1. Nearest 0.05, what FRET efficiency do ALA353 and ALA409 give at R0 = 35 Å with Cβ-Cβ as r?
2. Among the listed pairs LYS118/LYS290; LYS429/LYS539; LYS196/LYS277, which are separated by more than 26 Å between their Cα atoms?
3. Quote the FRET efficiency, to the nearest 0.05, computed for ASN748 versus LYS497 with a Förster distance R0 of 22 Å and r equal to the Cβ-Cβ distance.
4. Please give the net charge around ALA685, taking every other residue with its beta carbon less than 13 angstrom from that of ALA685, where Lys and Arg add +1 and Asp and Glu add -1.
5. For the residue pair VAL105 and GLU292, what label-to-label distance in nm results when each label sits 7 Å from Cα along the Cα-to-beta-carbon direction?
6. Can you bin the range 365-437 into rounded, prolate or oblate? Criterion: square roots of the alpha carbon gyration tensor eigenvalues sorted a ≥ b ≥ c, rounded for a/c under 1.5, prolate for a/b above b/c, oblate for the rest.
7. If we count every other residue with Cβ under 10 angstrom of VAL714's Cβ, Lys/Arg +1 and Asp/Glu -1, where does the sum land?
8. Between VAL714 and THR165, what is the spin-label point distance in nm, taking each point 7 Å from the Cα along the Cα→C-beta axis?
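Computed from the coordinates by the stated procedures, all read-outs in this text should not be read as laboratory data. Note that the structure is predicted; figures quoted are calculated from it, not measured. Cβ sites come from the backbone with ideal geometry, for glycine too, and all protein chains shown count toward neighbours.
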Amino acid sequence: MLIVAGIVGLLVVAALVIPFLVPKDVYRNQIEKAATDALQREVTLTGDVKISVFPRIAASIGGVTVANPEGFDRPNMIEAGELRGSVKWLPLLSRRVDVQEIAFVDANVDLHRLADGKANWEFGTSSEPTEETPEGSSGGFDAGIASARLENASLTYRDDAAGSTYELKELDLQASMQAMNQPVDIKGSGLFQGEKFDMTLDLDSPEALTSNTPASAVLSLKSALVNADYDGSVTMGDASAIAGTLTLSAPSIADLTRFADVDMPYNVAPLGGADVKATLSGSLEAPQIKFETLTIKGKLIDAGYTGTVSLGEAITVDGQLSAVLPQAGDLATEMGIEIPASDALERVELKGAIKGPVDALNLANLDVTHTGALLNASYMGAVGLGGDGSVNGQVNASSNELRALLKAADVEMAPGETLKSFKVDSAIKGSFKKLNLTGLTLTLDDITGKGTAGVDLTGERPKITGDLDMGPLDLSPFLGEGDAAEKPATANTGWSKEPLDLAGLKAVDADIKITTSALTIGKVKLTDAALSTTLDNGKLATDLSQFKAFGGNWSGKLNVNAQGATPAMDFAMNGSGVGMSSLLGTLAGFDKLTGTGGFQLSGAATGNSLYDIVNALDGKVTTNLTDGALKGLNVSQLVRSAQSLQSALTTGNLANLDFSSALSPSAETDFTSFDTVLTITDGVANVDLMKLINPVLGIDGSGKINLGGQALDVRLATSVDKKGQGDGSVIQLNGIPVPVRISGAWTNLKVSPDTSGIQSALKAELGNKLKDELSGKLGGDAGSIIGSVLGGNQAQPAPAADGSTPETAQPAPTIEDAAEKAAINALGSLLSKKKKKEEPATPPE
């Protein structure tokens, strides 16, 4: 026993002493050779090798480097300041390796994959044969590690093909494991991609983790970017997978997605932070997350989501969404989402189902409301955010600041009094840039209609289309006549010189069909109208296929061109059964003509105001009236007054003449027919034809009507049918026609006899009568001579012998002179309308 004890003691002493007797270079060389053969890489130990066997087997190696293969840009894959470890003695006797400590200090590991796919962590195999464990041998050791530590370690991963680099620095990691099939507890801290973190991990066992079976894992991660906790399982190997519960809180979604190198389609910084409670399933590379709750909160959003999100090449969602956006326009702008009129978007509340990839989401069963200063709206239906977007649902919207809303949509609007408000209730379908509305009820300013409509924002200007059944429709404000209803224009004020407000014609394009019970354009009111209108870059074309106005049935066309600096217009109208008094009174403030009949009007003009347009008007007017009257003038009475005039002139009694009953506001001349043809040039209408007939009278007119100056000067030549049968056989009264002149402003017309006509007729008649009487009484040559003298054909004195004409006294007044003087005096009395008492005219000599 003593000998055995001595041998054991000698062996113990040898074990304790021999390691110190072997030179350190021997250990270094053997370790370098063994490691180089194992890794097929150059392994170099640059520091000391220390070995001890008591109280446990321990070794430390300083300055370890593992070289990179050829073709990599750095010389070493691994550089470590120190590698040390220790093993307990006694467990070795039972074939168990009980590691007291493994420490890797100041390690720097560079993992590099080249663009061709070659990686520096792919090691070769040793060329030397290895001894196989004899069959039946128990083989292998059980192992436990009390403490495994990484101190100040760094790990860099570079992928040239993907162009990505990940860095893990200042890593301090401590792990403990009782056995390969026992749980592992890991605690660590460090910097990953520059972000500091602390983590703990409780893992089922290394054996489970490496056997392609689920290994339970409990992970807690704390950092400035995210606080996350996971409780579930992880499967590593060919079919990696994850299944468990995740809770997560991230103060900044943008920072988190940037850190995770997730390429988002929009700027997510305005979304603020997120809180999550979810379950994870599927592969580690593309897991599916089922959110029990997901809330996103920022200064511009408060949103919640329940449902699934699938991660992979494209992120897709399928769930229910609710959100409140206090300033939706600002949110869209900051995120880089282009939405028409985003400047007008304010508070939005929504809820609905959401599905699809995040860059082309589809929302169904959507309920959205918008409240703002420029727009109040609600929508129920579906919306797609891919491409130009899509909508399919029911919309209700209104605005009392339509011009500001159009400006927010980048529609340039000139100042004006139109397009102030709108309201719409309709089914809606199409894209964000091209919408179609059906079952539409639309109110624009004071206009309301029902039908279908569309808005197209793809061109240079918005284009409006529609087929509408309107109520009373007043277009006056859109043509610069916005105040017409409140301040009716009258003729005595003249045509308006205010510039026409045609901004609405140049702001949008249109193709509209309208049926309306009453259409008002300025002072003109049309009923039962059907019209189609196209508007293209400031050119308005209106086709009025049917309408009623001024008591008659009409059709016509109107074109307005507002493209240039000076607007231009042309029109053509045809009417039947038209009330002339209503027509002229409404359009021109002229109410002196009544009657019913046909009316044809065409014209063209340019101008920046109504005054300019009327004064530049060229066109033609044709009327065929029946059963009317010419007011302010009684031609029959005037003829009877002419009989009195003739009698007064022959008797010398002029004091009793009175034309007031023939020329007065209450006087009028009835007619059975009245035909007119006017040619208009520069606002002045020339009377080409004016023919008035009643059973007693016939009147032919000539002259001009100044439309721009609202005045006229027309001469009416009358004749009388003695039989009064209305058969068209008209004769003069005792050979004297009675022309009438109508002149002056439309509101203050002056009706008077045409003095030149009456004067010449009376002069001729009185002179001829006196000649006939004198010639008849004297007879023979004396009568002829006297008749010749009275006829005004005075014989000239014979020239003198020297050719000169002898001086003669002034000829004595003739009977014709006396008749002319009497006619002039009588007309003076007539035209004065008895303003002062006239002295009796001197009887003719």
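1. Details: r = 29 Å, r/R0 = 0.82.
The value I calculate is 0.75.
2. Beyond 26 Å between Cα atoms: LYS118/LYS290; LYS429/LYS539.
3. The pair ASN748/LYS497 has a calculated efficiency of 0.55.
4. Local net charge: -2.
5. Distance between label points: 4.6 nm.
6. Prolate shape, in that a/c is at least 1.5 and a/b is the bigger ratio.
7. On the way: positive: LYS704, ARG715, ARG741; negative: ASP713.
My count for the surroundings of VAL714 gives +2.
8. 9.7 nm
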